[in-house]
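Structure, as structure tokens:
The values are calculated or read from the model by the stated rules, or taken from the named source; none is laboratory data. Source: prediction; values computed, not measured. Note that each Cβ is placed from the backbone with ideal geometry, even for glycine, and that neighbours are counted across all protein chains shown.
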Ligand SMILES: C[S@@+](CC[C@H](N)C(=O)[O-])C[C@H]1O[C@@H](n2cnc3c(N)ncnc32)[C@H](O)[C@@H]1O
């Protein structure tokens with residue numbers, strides 16, 4: 001087994017941070033997630049601004065996930081289409097368990113991360129009856145390998161820097177190139193060297209006929225906040241290796257359209273919070289904690305974004321993407337080839 005480097009450990013630790021923050025949001029009532037508690041050893045209460053940021057991230061990622069799952073599939077001659085989800089650098093994400101609870105299980109839900117992370121995740125799942133029961137009948141669990149294979153769920157180790165690993169995952173998870181697929185990389189590609197993240201984006205475009213690839217990550221490295229953000233992560237040993245390669249919304253979109261995706265769109269989290277998140281729910285969460293860091297909040301949100309690329313020649317999910325109801329000005333962006 002190859003030894004884990006310091007920077008790999010530091011990148012893996014970002015998963016613990018994200019999971020702790022999600023639990024902090026759950027405890028304060030921002031989001032509901034019955035399962036994230038099982039993945040946190042020592043809960044930490046986060047500040048209101050961090051809670052609000054994670055809420056916004058959760059809300060938009062969930063909105064896109066539901067859009068994909070809720071899209072009606074056209075009937076073709078032949079076997080019915082079945083939706084697949086592939087989550088790259090999934091960490092301790094609990095979406096699969098939530099989806100099972102909510103009765104919205106996709107045909108296949110695959111999660112990939114470093115083996116150190118998938119081993120821990122497999123161990124935590126195997127130890128919790130409530131999680132185990134969500135896997136259905138007779139799941140195959142190997143804690144040593146960091147693998148779970150069940151009827152609808154696959155947890156598999158892979159290093160995203162090695163496309164052969166991804167090819168193996170593709171086969172092992174029995175992903176089907178012809179089925180509509182949602183690929184998610186939430187705060188992941190930015191930790192990879194540009195040539196590597198580009199290879200992953202192209203790999204996915206080459207593999208799947210009909211797909212959407214959604215990413216959440218940082219933007220704008222060059223202003224004072226961006227410089228500080230870079231320094232913070234660098235000092236933790238997990239530099240944002242990809243940030244200078246895709247520093248703007250346009251460049252995030254172009255990465256998709258240059259690498260095999262038919263169309264792309266990107267919005268910063270400030271616009272997303274104001275234009276995409278359900279206004280009623282936004283009002284609800286704004287009552288939860290005293291909040292007066294408005295200037296910092298806006299600056300922080302302008303430094304994160306969601307971008308996606310879509311390949312959909314057959315028009316299987318024409319409505320996928322940011323909703324267009326409320327946007328004002330020019331901040332709604334998209335490229336169509
Ligand atoms: C910030 S965490 C995000 C976890 C999860 N996507 C979420 O949003 O909660 C980044 C994740 O990417 C994973 N990751 C980073 N580089 C990776 C690589 N080369 N191969 C596999 N996983 C990687 C890390 O191990 C970690 O779990």
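Is it fair to say residue 154 is away from the ligand (no atom under 14 Å from the Cβ), touching a residue at least 24 places away in the same chain (Cβ under 8 Å), surrounded by fewer than 15 Cβ atoms within 10 Å (Cβ to Cβ) and under 28 Å from residue 204 (Cβ atoms)? Criteria not met by residue 154. Based on this model, can you work out whether residue 246 counts as in a loop (DSSP other than H, G, I, E, B) and either at negative phi or in contact with a strand residue (DSSP E or B) (Cβ under 7 Å, 6 or more places away or on another chain) (or both)? Yes, satisfied.
Would a scan of the range 126-136 turn up a residue that is more than 14 Å from the ligand (Cβ to nearest atom), modelled with pLDDT under 95 and more than 18 Å from residue 91 (Cβ to Cβ)? Yes, because at least one residue in the range 126-136 is more than 14 Å from the ligand (Cβ to nearest atom), modelled with pLDDT under 95 and more than 18 Å from residue 91 (Cβ to Cβ).
Summed over the range 27-63, residues that are away from the ligand (no atom under 11 Å from the Cβ), farther than 19 Å from residue 277 by Cβ and crowded, with 21+ Cβ neighbours inside 10 Å total 1.
For the range 77-99, taking the residues that are away from the ligand (no atom under 14 Å from the Cβ) and without any contact (Cβ under 8 Å) to a residue 40 or more places away in the chain, the one that is nearest to residue 17 (Cα to Cα) is identified as 99.
Out of the range 176-204, which residues are out of contact with any strand residue (DSSP E or B) (no Cβ under 6 Å at 6 or more places or on another chain) and within 17 Å of residue 108 (Cβ to Cβ)? Matches in the range 176-204: 176, 177, 178, 180.
Taken together, the residues in the range 115-150 that are assigned to a loop (DSSP other than H, G, I, E, B), on the phi < 0 side of the Ramachandran plot and touching a helix residue (DSSP H, G or I) at 6+ places or on another chain (Cβ under 6 Å) amount to 3.
The set of residues in the range 1-26 being more than 10 Å from the ligand (Cβ to nearest atom), closer than 21 Å to residue 235 by Cβ and buried (at least 18 other Cβ atoms within 10 Å of the Cβ) consists of 20 alone. Every condition in (1) closer than 25 Å to residue 67 by Cα; (2) surrounded by 17 or more Cβ atoms within 10 Å (Cβ to Cβ); (3) in contact with a helix residue (DSSP H, G or I) (Cβ under 7 Å, 6 or more places away or on another chain) holds for residue 246 except the one numbered (1). Regarding the range 203-222, can at least one residue be identified that is more than 16 Å from the ligand (Cβ to nearest atom), under 18 Å from the mean Cα position of the chain (by Cα), assigned to a helix (DSSP H, G or I) and closer than 22 Å to residue 322 by Cβ? Yes, because at least one residue in the range 203-222 is more than 16 Å from the ligand (Cβ to nearest atom), under 18 Å from the mean Cα position of the chain (by Cα), assigned to a helix (DSSP H, G or I) and closer than 22 Å to residue 322 by Cβ. Would you point out which residue out of 93, 167 is buried (at least 19 other Cβ atoms within 10 Å of the Cβ) and at pLDDT 95 or above? Of the residues listed, the single one that is buried (at least 19 other Cβ atoms within 10 Å of the Cβ) and at pLDDT 95 or above is 93. Evaluated against (1) modelled with pLDDT of 95 or more; (2) out of contact with any helix residue (DSSP H, G or I) (no Cβ under 6 Å at 6 or more places or on another chain), residue 153 falls short on exactly one condition, (2).
Going by the structure shown, is residue 270 over 28 Å from residue 205 (Cβ atoms) and either surrounded by 18 or more Cβ atoms within 10 Å (Cβ to Cβ) or in contact with a helix residue (DSSP H, G or I) (Cβ under 8 Å, 6 or more places away or on another chain) (or both)? Yes. Residue count for the range 173-202 under the criterion of being within 10 Å of the ligand (Cβ to nearest atom) and under 20 Å from residue 312 (Cα atoms): the result is 3.
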